[in-house]
Amino acid sequence: MVSNNKNIIQYISLTAVIALFIAMYLYIENERKMKKILELEEDKLKLILDSLKQNPNLSLEVKKQLEKLITEFENIDIKVSNELAQALQLFQIGQTENAIEDLVKIIEHLLRTHYQNSPEYKKWLKENKKKYDLHNLLTFCKTDKKIDDIEYQFYIAIKTIRNKEDHTLDLKLDDYINASGLIAAIGGVFKIASIVYPKKQLVELLN
């Protein structure tokens, strides 16, 4: 009986040791894989940043699209045209975060123009106890099926940049975020403008 108990204890001890080694191996292997994934992500990010830095066409295209918007809005909404001119100036002197902030202000202005006399929007705000702000303008615009969920997420992201710029001294974002934010913001102005104004006013703007 004593011998049997001793064998059982030895077996349990051996099993515990083996289990411990297996757990340690799995832990080390998992850490190795996670490190490899992080290295791959860092390499991917470096490639994106290098691509952005080496691509002068991006800056030219941003400038071209902003100039196009400025011209078209001169006859539609001079306040928007002036704000776009300011965004272009900020972009040209390297203050990209501020340029994104101005573009988001334009998106908010356009949405306010569109929904300011909307009974449905006012009812939605009241029923859901929501504030009359950009977040809820975007949320209702999605509920109203005028933007889809992917567009909504992009606009929320650039709204976050706007908020950070408002509350952070000398905000500096990574190049790839600035590039993505600019593209999303310019696209947002195009898209929301097409919702707000009659198509005949935006024939050139959307071509």
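The values are calculated or read from the model by the stated rules, or taken from the named source; none is laboratory data. This is a predicted model, so every value here is computed, not measured. Because the Cβ atoms are built from the backbone with ideal geometry, glycine has one as well, and the counts that use them run over all protein chains shown. Just the protein is used for accessible areas: all its heavy atoms, side chains included, with ligands, DNA and RNA removed. Shrake-Rupley method; radii C 1.70, N 1.55, O 1.52, S 1.80 Å.
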- Task: Output the qualifying pairs, or none if there are none: Cβ atoms under 6 angstrom, residues six or more apart or on different chains, first residue in segment 60-88 and over 17 Å from Ser194 (Cβ atoms), second residue of a type in the set (Val, Ile, Thr) and open to solvent by less than 70 Å² (accessible area, probe 1.4 Å).
- Result: Glu83/Ile106; Ala85/Ile70
- For residues that are under 19 Å from the mean Cα position of the chain (by Cα) and either of a type outside the set (Phe, Trp, Tyr) or modelled with pLDDT of 90 or more (or both), tally how many sit in segment 73-108. 15
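Condition check ((1) open to solvent by 80 Å² or more (accessible area, probe 1.4 Å); (2) in contact with a helix residue (DSSP H, G or I) (Cβ under 8 Å, 6 or more places away or on another chain)) across all residues:
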| residue | (1), (2) |
| --- | --- |
| Phe91 | no, yes |
| Ala99 | no, yes |
| Tyr115 | no, yes |
| Lys131 | yes, yes |
| Cys141 | no, yes |
| Asp144 | no, yes |
| Thr160 | no, no |
| Glu165 | no, yes |
- Among the numbered conditions (1) more than 21 Å from Val196 (Cα to Cα); (2) surrounded by 14 or more Cβ atoms within 10 Å (Cβ to Cβ), tell me where Glu127 comes up short. (2)
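Listed residues Lys130, Lys146; which is at pLDDT 90 or above, outside any helix (DSSP H, G or I) and of a type outside the set (A, V, I, L, M, F, W, C)? Quick ask: steps written out before the conclusion?
Numbers: Lys130 fails: at pLDDT 90 or above.
None of the other options fit; the residue is Lys146.
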